[in-house]
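Read through the structure below, which is laid out as structure tokens, and then see the notes.
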Amino acid sequence: MIHLCIMGPSGCGKSTLGRTLAGRLAVPFIEGDDLHGPANVAKMAAGRALDDADRMPWLRALGHALAASDGAVASCSALKREYRDGLRAACPDVRFVLPELTMAQLHARMTGREGHFMPPALLDDQCAVLERPDADENAILVKGDMPVERQVEAVLCALCPEPE
């Protein structure tokens, strides 16, 4: 049973990588954005950043969804260590994957997508809040500018390293 959470700021490719990984692993994909309540979506769509009080019910819902699964890949910004710790409290074996991109790459991706409630104006706030995973979190870091299939291969290799 595998539980992965693709983390990072908006525009880093969480959903694309998550869906592709879930398909390769033959487990469900949980779109974290779908678990936001209407008030959170409205707040972000209005260009206002979520605070911790806004995020906590959403993080609890995602943690419960992961824990209730027999394996899944989820997408969730999980920007702060305390958020990741909360998800680990609900689902102790979850591993985090961070597709890394520069601010310029993130801005380009966000301004080029249509129909998403998260405006590019909130990216600076997300990047300011982002706490990169510490070594003890055993996160998997991938180059977010690689083609998605190469990112998937990098994650799979990190999950199942070849014996020496």
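The values are calculated or read from the model by the stated rules, or taken from the named source; none is laboratory data. All values reported here derive from a predicted model rather than from experimental measurement. Cβ atoms come from the backbone with ideal geometry, glycine included; neighbour counts cover every protein chain shown. Note: accessible area is taken over every heavy atom of the protein model, side chains too, but ligands, DNA and RNA are not part of it. Shrake-Rupley method; radii C 1.70, N 1.55, O 1.52, S 1.80 Å.
For every helix of n ≥ 4 consecutive DSSP H residues, a contribution of -39,500 (n - 2.57) applies; sum these over the chain, divide by its total residues, and give [θ] at 222 nm rounded to the nearest 500 deg cm²/dmol. Counting only the DSSP helices, I get -13500 deg cm²/dmol. Residues whose amide H lies under 5 Å from that of Phe96, counting only those 5 or more places away or on a different chain, are Cys5, Ile140; hydrogens are built 1.01 Å from N in the peptide plane.
Springs between Cα atoms under 10 Å define the GNM used for the chain, and in it the highest mean-square fluctuation of Ala139, Ala65, Ala108 occurs at Ala108. For the stretch 59-113, carbon and sulfur atoms together expose 55% of the accessible surface, with a 1.4 angstrom probe and every protein chain in place.
Spin-label model, Cys160 to Thr102: label points 7 Å out along the Cα-to-beta-carbon direction sit 3.5 nm apart. Taking 0.36 nm per residue of sequence separation and removing the Cα-Cα distance, the Asp51/Glu31 pair yields an extension gain of 5.2 nm. Report which label in [x] -0.27, -1.16, -1.30; [y] -0.44, -1.16, -1.20; [z] -0.39, -1.14, -1.20 holds the value of log10 I(q)/I(0) by the Debye sum over Cα atoms at q = 0.09, 0.18, 0.19 Å⁻¹ derived from the coordinates of this structure. Correct label is [x].
A cut-off of 5 Å between modelled amide H atoms, ignoring neighbours fewer than 5 places along the same chain, links Ala72 with Ile2, His3, Leu4.
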